[in-house]
1. For segment 8-76, what does the alpha-carbon gyration tensor say about shape, rounded, prolate or oblate, given a ≥ b ≥ c as the root eigenvalues, a/c under 1.5 as rounded, and a/b over b/c as prolate?
2. Per residue, how much accessible area does segment 360-482 have with a 1.4 Å probe, in Å²?
3. Calculate for the chain the 222 nm mean residue ellipticity that helices alone would give, adding -39,500 (n - 2.57) per DSSP H run of length 4 or more and normalising by residue count, nearest 500 deg cm²/dmol.
4. Using a probe of 1.4 angstrom, how much of the accessible area of segment 282-421 is carbon and sulfur, in percent?
5. How many nm is it between the label spots at residue 156 and residue 520, if each spot is 7 Å from the Cα in line with the beta carbon?
6. Considering Cα pairs under 8 angstrom that are at least six residues apart, work out the relative contact order of segment 365-507 and quote it in whole percent.
7. Residue 422 versus residue 205, label points 7 Å from Cα toward the beta carbon: distance in nm?
8. Run the numbers on the chain and let me know its relative contact order in percent, using alpha-carbon pairs under 8 Å that are six or more apart.
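The values are calculated or read from the model by the stated rules, or taken from the named source; none is laboratory data. Since we're looking at a predicted model, the values are computed, not measured. Note that we place each Cβ from the backbone using ideal geometry, even for glycine, and neighbour counts take in every protein chain shown. Quick note on the areas: whole protein, heavy atoms, side chains included, nothing else; ligands and nucleic acids left out. Shrake-Rupley method; radii C 1.70, N 1.55, O 1.52, S 1.80 Å.
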Amino acid sequence: MALRIVIGLTVTVIALAVAGRRLSWLYRLGTSGQPAPERIEALRRNPARGARTEATEVFGQRKLLQWTVPGAAHFLTFWGFTILLLTIIEGYGDLFSPTFAIPLIGHWAFVGFLEDLVAVGVLVGLAIFTVIRLRENPKREGRRSRFSGSHTGAAWLVLALIFLVIATLLIYRGAQRNTGHFPYPHGAFASQIVGNWLAPLGRGTNLAIETTFILAQLAIVMGFLILVTYSKHLHIFLAPVNVLFSRRPNGLRGLEPMRSGGKVLDFEEADPDTDVFGIGKVEDLSWKGMLDLATCTECGRCQSQCPAWATGKPLSPKMLILDLRDHAFAKAPYLLAGSAEARAALPESVRQEAERPLVGPVADGGVIDPDVLWSCTNCGACVHECPVDIEHIDHIAGMRRHQVLIESEFPAEAAGMLKNLENKGDPWGMGEAKRAEWMDGLDFDVPVVDGAIGDDVEYLFWVGCAGALEDRARKTTRAIAQLLHTAGVSFAVLGPAETCTGDPARRMGNEFVFSMLAQQNIETLNEAKVRTIVASCPHCFNTLAHEYPQLGGNYEVIHHTQLLSKLVAEGRLTPVTPVEEKITYHDPCFLGRHNRVFTPPRQIMEQVPGVRAQEMHRCRERGFCCGAGGARMWMEERIGKRINAERIEEALGTDPDTISTGCPFCLVMLGDAISQKKSSGEAKASLEVVDVAQLLARSVATAAGPGPTPSGDPSSPAETP
Ligand code: SF4
Ligand code: SF4
């Protein structure tokens with residue numbers, strides 16, 4: 001008895017010391033990052049939301065269950081281990097008293113049954129994980145496997161350890177049944193079965209088995225504890241914390257403002273020598289960013305949905321996080337050294353790691369290759385999928401900000417766009433005089449705001465740069481205006497006073513140009529006393545709704561598909577002319593995944609007589625990007641397959657007559673891909689991509705008769721970049 005107490009406690013104390021030392025090191029590394037007081041403040045202001053998040057994301061495993069089979073396996077394992085904590089208490093109790101039973105629970109048969117049930121559940125979960133890992137073996141599947149690039153050896157080791165935890169548990173409980181030490185004479189069905197197998201060995205042997213396997217189980221649990229703190233299984237401890245401090249409702253929608261030392265950066269006072277400008281070194285990440293790195297489970301869900309990865313680009317959101325994590329861990333002794341002398345005394349390898357540029361060609365020692373950084377479309381698929389709420393886009397934006405603002409290193413072809421934004425207020429440099437041309441030829445007047453907007457004006461129609469200046473998008477703008485006029489909605493536009501919202505600049509990393517444009521627009525909107533905005537571009541919609549409040553611009557913002565769908569539902573617009581076509585709808589990322597507007601465009605299509613809607617395989621939350629977001633619209637796509645070509649091939653798989661969407665940039669990207677498919681004979685000549693508003697306008701009756709199709713202005717000089 002005394003010996004097993006000594007062995008059991010010695011193993012435990014050593015394991016706790018090793019794990020505790022590692023956790024303390026991780027804590028010091030995490031807190032060497034920048035402050036993030038806004039995360040603590042958000043939780044302090046709304047603790048109920050934090051509790052709800054823990055309940056749904058951690059205990060309910062909501063995001064994991066979006067992937068039904070692996071989600072169910074994880075659910076079984078998570079709840080299995082949570083409930084099996086009781087058996088660890090019982091194991092330690094048994095060290096001191098073989099007839100130990102947990103106070104209050106005692107010999108309650110239900111608890112014995114539950115413990116055995118979840119132990120079997122964990123075994124089922126393990127079997128599922130094993131099959132999944134065998135089927136998605138990265139050695140065979142290559143890039144297609146979501147585990148490609150993950151540490152699969154450690155994952156197999158953990159699966160083996162979990163199996164040993166359950167196996168030793170059931171064996172010692174079975175032996176306990178035969179020695180009379182088992183706390184649950186009834187209910188523990190699996191222990192009963194194992195006990196029946198061991199019974200013929202006699203009581204003496206069963207006593208030895210009981211002691212040996214209790215000690216073995218405690219040793220394995222302690223070994224598992226140490227492995228957890230040194231592996232991706234850290235997420236067992238860190239995921240609940242990371243989820244608690246993640247942005248709500250998620251890390252999508254707007255980007256965060258630039259912060260230095262926890263305070264929002266004021267460009268007029270900022271000093272590049274003392275302030276943090278984006279993420280130029282790993283320690284420029286906030287502690288929440290550091291926590292993200294340590295929490296990644298290497299599950300590869302993000303990678304499997306990333307359009308850049310799917311089309312052969314070097315960007316994998318998982319590998320981006322893992323590369324940052326490995327660098328942070330390797331640089332940690334440097335970051336945690338208390339003085340210059342201590343740093344100078346570090347091994348050469350650590351000092352070399354500390355000197356690696358965070359962004360730079362990998363061949364030159366860079367941690368994140370520029371081709372990785374600039375491949376991101378900000379589509380949000382990674383953030384949406386991540387079961388532990390890692391905020392990939394924030395980290396990518398942070399690194400882009402540093403590259404643009406401090407290093408002046410970014411794809412050269414985007415320089416023209418930034419210059420045009422700065423000088424002319426639109427990405428094409430066409431200037432304010434052209435912004436009202438889309439109205440030419442309309443058979444009604446569109447009021448242009450001059451001074452304060454009238455009380456009788458319900459909506460400020462935010463046209464957007466593409467909507468005002470790009471040929472194909474102008475057709476959408478005219479269709480929306482026509483429909484609003486037909487429905488008797490009172491609206492006005494800013495006309496030449498509107499400038500770019502700044503979205504492309506912000507997504508590129510040029511926060512300076514973004515804030516300049518945003519402040520100008522906010523001034524205009526506030527002077528006009530605008531309350532409600534309807535935007536036709538999801539990027540404008542997202543920026544106006546979620547980023548302008550950071551600068552004092554607070555408006556109610558809706559997308560045109562939301563308004564048009566409402567007008568149809570209210571009977572203010574009546575689609576009558578049949579459109580006898582098979583149509584597949586493409587979800588724009590900044591409308592769908594970022595802002596969860598999935599239904600209104602589909603409702604509009606449902607109301608148009610004759611339309612046969614056919615969903616693509618990747619739709620709604622899992623919609624596949626067109627390739628234009630994250631300012632990719634203004635960058636060359638030199639690596640891998642074009643993202644718009646990949647998307648169009650999926651659309652062609654539904655054999656559509658028309659492809660519909662709700663974004664001017666998707667319209668352009670998909671339109672370009674269709675043109676290429678037509679010239680190669682892979683798409684029928686009549687195939688076209690239209691905005692849902694154009695589709696509705698074709699069908700709606702007007703005073704002049706049914707269904708005119710507003711057309712673009714053929715004299716427009718606008719060209720797609
Ligand atoms: S935002 Fe989209 S493109 Fe960027 S890393 Fe995530 S999934 Fe990939
Ligand atoms: S970032 Fe999230 S989704 Fe991607 S591998 Fe890590 S845990 Fe999985």
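1. Oblate is the answer for segment 8-76, as a/c is 1.5 or above yet b/c matches or exceeds a/b.
2. For segment 360-482, the per-residue accessible area is 35 Å².
3. Dividing the helical sum by the residues of the chain leaves -15500 deg cm²/dmol.
4. About 53 percent, which is the carbon plus sulfur part of the accessible surface.
5. With each label point 7 Å from Cα toward Cβ, the separation is 6.0 nm.
6. Result for segment 365-507 is 23 percent.
7. 8.4 nm
8. 12 percent
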